[in-house]
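Where a number appears in this text, it was derived from the coordinates with a stated rule and is not lab data. Just so we're clear, the structure is a prediction, and the values are computed from it rather than from any experiment. Cβ placement follows ideal geometry from the backbone for every residue including glycine, while neighbour counts extend to all protein chains displayed.
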Amino acid sequence: TMTIQIKNLAKTYSGDGVATTALRDVNLTLHHKEFTAIVGPSGSGKSTLLQLIGTLDVPTAGTIFYDDVDVSKLRGNALADFRFAQIGFIFQHFHLLPTLTALENVMSPLFPRKVGYDKKGRAQELLDWVGLSHKQNALPSQLSGGEQQRVAIARALVNRPKWLLADEPTGNLDSNNGEMVFQLLRKYQQEHGSGIVFVTHDEHLAGRTDRRIEMRDGSMIADTMRVSS
Ligand code: ADP
Ligand code: ADP
């Protein structure tokens with residue numbers, strides 16, 4: 001899909017009788033080939049926005065369209081298939097499966113699926129792409145944080161999604177490893193024309209993307225395109 005259109009998006013969490021409004025009336029169109037950073041203080045709604053865009057949670061109000069597909073209409077297998085084809089997700093804490101090797105982690109989204117390519121070959125290709133072929137038999141506990149995040153990136157990209165959503169992917173890494181992760185996101189965008197949406201606290205990295213969206217108290221308060229000279 002080419003664009004994600006977000007209209008009047010709102011999210012209120014209600015648990016234990018306390019309601020928290022995490023997002024209020026967000027309107028936004030994301031474009032493929034664009035590298036978008038979402039910044040803002042802790043609690044401003046960045047993760048909530050990313051989870052809604054990624055169909056990991058459902059909004060309280062508003063709509064999200066991937067081209068002409070209203071994702072709120074998708075359920076069960078149709079939703080799982082849509083996500084598999086369209087969306088890759090990476091997180092601050094990697095979320096690798098601890099009992100699987102690096103290669104098995106990269107293959108894991110493919111295990112339950114029928115695909116038109118060789119699963120192991122594809123996973124090896126992605127591990128090679130992130131520079132970790134030599135670690136394919138290592139367990140996550142035997143890898144550094146930067147290596148674990150690169151495995152997580154390979155896993156997120158194994159089916160070549162149209163959109164890569166990244167929630168503070170450099171938040172747990174030193175600046176060298178953070179830079180390596182940032183470069184991989186950029187490289188994927190350039191090689192595949194995909195859309196990257198990148199939540200970050202790092203203004204320095206945000207300043208190097210194509211577009212900077214700033215959140216405050218659940219609202220979008222700025223949306224700046226970088227003018228390329
Ligand atoms: P950010 O990513 O900018 O730190 P979040 O989207 O995580 O912001 O959180 C926005 C607000 O929603 C915060 O007040 C947070 O505590 C609250 N929140 C986030 N997730 C949940 C949840 N699952 N249940 C209840 N409140 C939540
Ligand atoms: P981290 O930054 O360590 O990844 P987050 O603050 O983003 O952790 O939150 C991790 C998980 O907890 C998320 O799924 C988020 O939705 C949930 N969460 C965040 N704030 C709250 C809250 N106030 N109440 C319940 N769950 C929350």
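So here's what we get for this one:
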| read-out | value |
| --- | --- |
| Rounded if a/c under 1.5, otherwise prolate or oblate - segment 78-196, Cα gyration tensor axes | oblate |
| Magnitude of the charge dipole, the chain, Cβ model with Lys/Arg +1 and Asp/Glu -1, debye to 20 | 520 debye |
| Among I64, T12, N77 the positive-end extreme of the charge dipole of segment 1-139 (Cβ point charges) | N77 |
| Among beta bridges that DSSP assigns inside segment 147-229, antiparallel share in %, nearest 5 | 55 percent |
| Top positive-direction residue, dipole computed over segment 87-130 with Cβ charges, set N105, F89, V115 | V115 |
| Distance-filtered residues of segment 23-51 - backbone nitrogen under 14 Å, label point 7 angstrom along T60 Cα→Cβ | 23-26, 45, 48-49 |
| Antiparallel bridges, percent of DSSP beta bridges restricted to the chain (to nearest 5) | 60 percent |
| Cα-based helix-to-principal-axis angle, 145-157 vs the chain, degrees rounded to 10 | 80 degrees |
| Gaussian network model of the chain, springs between alpha carbon atoms under 10 Å - residue of V199, V69, V158 with greatest fluctuation | V69 |
| Listed peptides 75-86, 10-21, 48-59 by packing density, highest first (mean Cβ within 10 Å) | 48-59, 75-86, 10-21 |
| The chain shape via C-alpha gyration tensor axes, a/c threshold 1.5 | prolate |
| Student exercise, segment 74-173 dipole from Lys, Arg, Asp, Glu Cβ charges, in Debye to nearest 20 | 380 debye |
